[in-house]
Amino acid sequence: LSLVHTNQGSPACTVLSFGSRAITHDRGMAEILENNGIDVLLIEEGHISLPPHAHGFIGGASFVYGERICFFGDLDGHPDGKRIRKFILEGGYEAVSLSDEPLFDYGGGIIL
């Protein structure tokens, strides 16, 4: 592990990380991650609900459970859903939509 400085106040929300891969809409975070050897998929901003805000974030709308990446809502409803699924599969993980509702940012998940 190594500490990396970022000006992002909530990197865990803006980034979904798994293995040596990450997904984000934040170009600044993508650059930092790539400069530190992480394979990054840059996606379109928005399309994740977080009322009353304009949009939520991929990190808050998902969590990693073993070799599965679980999404709060239907990943296929995101314009980059197919690209996200492919990127996750290429990393050796499975993408799981937990409902057929639009993606929703609950702030992440904790497995008990």
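Below, the figures for the structure above:
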read-out: Environment charge of residue 38, counting only residues whose C-beta is closer than 15 Å and scoring Lys/Arg +1, Asp/Glu -1; value: -3
read-out: Additional length obtainable on full extension of the chain from residue 4 to residue 111, 0.36 nm per residue less Cα span; value: 35.9 nm
read-out: Loop sites in region 25-86: GluC sites (Glu not before Pro), DSSP, at most 13 other Cβ within 10 Å; value: 44, 67
read-out: Relative contact order %, region 12-112, counting alpha carbon pairs below 8 Å whose residues are six or more apart; value: 28 percent
read-out: The chain: calculated mean residue ellipticity at 222 nm from DSSP helix runs of at least 4, using -39500 (n - 2.57); value: -5500 deg cm²/dmol
read-out: Å² per residue, accessible surface of the chain at 1.4 Å; value: 60 Å²
read-out: Local electrostatic count at residue 57 - Lys and Arg +1, Asp and Glu -1, tallied over other residues with Cβ under 15 Å; value: -4
read-out: Distance (nanometres) between label positions extended 7 Å along Cα→Cβ at residue 54 and residue 36; value: 2.6 nm
read-out: Environment charge of residue 75, counting only residues whose C-beta is closer than 14 Å and scoring Lys/Arg +1, Asp/Glu -1; value: -3
read-out: Accessible surface of the chain, 1.4 Å probe, proportion on carbon and sulfur as whole %; value: 53 percent
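The values are calculated or read from the model by the stated rules, or taken from the named source; none is laboratory data. These figures come from a predicted structure and were not determined experimentally. Cβ: placed from backbone, ideal geometry, glycine included. Neighbour counts: every protein chain shown. SASA here: full protein model, heavy atoms, side chains in, ligands and nucleic acids out. Shrake-Rupley method; radii C 1.70, N 1.55, O 1.52, S 1.80 Å.
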